[in-house]
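The values are calculated or read from the model by the stated rules, or taken from the named source; none is laboratory data. Values in this document were obtained by computation on a predicted structure and should not be read as measured data. No Cβ is skipped: glycine too gets one built from the backbone with ideal geometry, and neighbour counts run over all protein chains shown. Calculation scope for accessible area: heavy atoms of the full protein, side chains included, ligands and nucleic acids excluded. Shrake-Rupley method; radii C 1.70, N 1.55, O 1.52, S 1.80 Å.
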Amino acid sequence: MQKNDEIILKITDITNEGSGVGKYEGMAVFTPQTAVGDTAKVKILKVKKTYAYGKVLELITPSPDRTTPDCEVSGKCGGCVFRHIDYKAEAKLKEDKVYQAIKRIGGVDLKPSPIIIPDNTCRYRNKAEYPLNSDGKVGFYAFHSHRVIPCSNCLLQPEIFKNIAEETENWIKENRISIYNETAHKGLLRHLYIRIAEATNEIMVTLVINGTAIAHSDKLIDSLKSVCGDSLKSVQINFNTDNTNVILGKKCKTIYGEDYITDILCGIKVRLSPLSFYQVNRDMAEKLYKKAREYACPQNKNILDLYCGAGTIGLSMAKEAKSIIGVEIIPEAIEDAKFNAKQNNIENARFICGDAAASAEILKNEGISADVIIVDPPRKGCEASLINSITNDFSPERVIYVSCDPATLARDIAIFNANGYILKEYTPVDLFPRTSHVETVALLIRTNQKI
Ligand code: SAH
């Protein structure tokens with residue numbers, strides 16, 4: 001196979017990133033924007049030793065899962081890799097992707113409980129961080145690129161975000177606001193960042209800037225008030241002068257309203273700053289936490305909530321639990337967690353700022369015991385030393401593992417297994433419909449049989 005070859009390819013699988021794959025002369029050919037069951041004429045763009053990349057020239061037989069994308073930047077923007085297939089098929093793919101990872105990487109052949117899916121696959125996000133193109137138009141990055149595809153009306157975002165984005169674009173134009181250029185590391189406005197607390201309808205707008213101030217912000221605030229009305233609760237500037245692709249800098253300044261907005265999640269009031277971690281799909285986060293609680297059986301238990309963010313999972317179980325100890329590495333998130341405990345009159349929760357593995361060691365030395373341990377790590381999963389400490393030092397009856405990456409979840413389950421914890425049950429939860437991401441919650445229980 002060579003570059004520029006045109007081949008007929010049958011798509012038989014989907015990668016973790018949502019790209020279709022077919023086999024041709026023993027080689028895997030990755031072809032974005034295809035669906036399992038498609039037969040297509042594909043042009044080869046790049047050839048490696050055992051695989052190649054292609055793009056569709058013509059669909060010969062479309063997959064029965066196909067549907068017409070309802071978004072004008074579908075296929076260009078890197079976000080919704082599944083907008084061209086039926087949602088039911090997407091959910092099935094995601095469920096299977098989790099099962100395959102647990103089987104192949106984790107070495108456990110256990111079928112998942114049915115994937116939990118949303119009522120609504122559109123406009124479910126409560127947060128947008130739009131980069132801007134050189135014309136001051138907001139948008140999203142193309143797949144595997146930092147090229148901005150202009151789009152103010154993303155179908156994953158609430159409708160009000162479109163109005164805010166368009167007002168901001170007008171303000172940029174009228175006031176000739178300079179736009180940040182990543183390559184040159186020059187220009188001022190880097191991102192438009194919007195958050196909404198759905199339960200209260202409070203909106204927070206943050207301008208991320210490469211500088212110390214932004215002119216004419218008073219005019220922007222006036223137009224934002226006109227589109228959001230009383231819902232506009234906070235306008236902030238976030239300072240990020242680093243030459244980095246990390247979106248937010250560490251400092252913020254409020255230029256209108258409050259420093260925080262407040263949402264309600266599983267009955268818990270949650271304060272959000274621009275820097276707080278918060279699940280982007282509130283409805284589905286509630287379903288995820290509900291499942292985590294069902295697995296945890298928190299009644300009268302001592303619970304450790306590792307990687308706790310603003311404390312939301314632990315706090316949602318605090319009323320029934322005996323005690324909650326949350327551990328999180330970001331100091332601001334721990335401040336949020338402490339505040340959240342207080343504003344919900346929760347007195348049996350304590351929060352510690354530190355690395356999960358190091359803090360587990362400290363807690364053990366303090367003589368703390370745990371009946372249930374919840375872990376909710378970032379994509380890279382847990383460190384093996386933390387898993388060993390959980391199983392050997394704390395030996396809780398149950399471990400609840402909340403994961404945003406099935407591959408690292410599966411890898412970690414294998415370690416838990418070797419340490420005498422078996423995977424009892426697990427449930428994929430689709431927090432991110434139309435995108436390649438899927439969340440999973442797993443219940444591991446102690447068996448005292450080490451391998
Ligand atoms: N459980 C929370 C947050 C989950 S996101 C919720 O449901 O909202 C994962 C969290 O792990 C982030 O808040 C991140 O800051 C934190 N984190 C990342 N590395 C960590 C580490 N080594 N030790 C402790 N926390 C860490």
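Tally up the residues in region 325-351 that are under 23 Å from residue 297 (Cα atoms) and within 12 Å of the ligand (Cβ to nearest atom), please. Break it down into steps so the answer makes sense when it comes.
Taking region 325-351 first, the residues under 23 Å from residue 297 (Cα atoms) are 325-328, 337, 340-341, 344-351.
Those still in the list that are within 12 Å of the ligand (Cβ to nearest atom) too: 326-328, 337, 340, 351.
The number of residues fulfilling the criteria is 6.
Counting residues that are free of Cβ contacts under 8 Å to residues at least 24 places away in the same chain, within 25 Å of the chain's Cα centre (by Cα) and within 30 Å of residue 426 (Cβ to Cβ), which strands (runs of 3 or more DSSP E) fully inside region 1-117 reach at least 1?
Where strands (runs of 3 or more DSSP E) fall fully within region 1-117 and carry at least 1 residues being free of Cβ contacts under 8 Å to residues at least 24 places away in the same chain, within 25 Å of the chain's Cα centre (by Cα) and within 30 Å of residue 426 (Cβ to Cβ), they are 20-24.
Please go through region 11-42 and pick out each residue that is surrounded by 17 or more Cβ atoms within 10 Å (Cβ to Cβ) and among the charged types (D, E, K, R).
38
Could you say whether any residue in region 168-182 is more than 26 Å from residue 433 (Cα to Cα) and modelled with pLDDT under 95?
Yes; the residues of region 168-182 include at least one that is more than 26 Å from residue 433 (Cα to Cα) and modelled with pLDDT under 95.
Residues 168, 200: which one is under 24 Å from residue 280 (Cβ atoms), open to solvent by 10 Å² or more (accessible area, probe 1.4 Å) and not aromatic (Phe, Trp, Tyr)?
200
If only one of 376, 355 is near the ligand (Cβ under 9 Å from one of its atoms), under 28 Å from residue 429 (Cα atoms) and either touching a residue at least 60 places away in the same chain (Cβ under 8 Å) or β-branched (Val, Ile, Thr) (or both), which one is it?
Numbers: 355 fails: either touching a residue at least 60 places away in the same chain (Cβ under 8 Å) or β-branched (Val, Ile, Thr) (or both).
Testing whether each residue is near the ligand (Cβ under 9 Å from one of its atoms), under 28 Å from residue 429 (Cα atoms) and either touching a residue at least 60 places away in the same chain (Cβ under 8 Å) or β-branched (Val, Ile, Thr) (or both) leaves just 376.
Out of everything in region 280-306 that is crowded, with 21+ Cβ neighbours inside 10 Å and closer than 18 Å to residue 327 by Cα, what residue ends up being farthest from the ligand (Cβ to nearest atom)?
Step by step, filter region 280-306, then rank; the result is 298.
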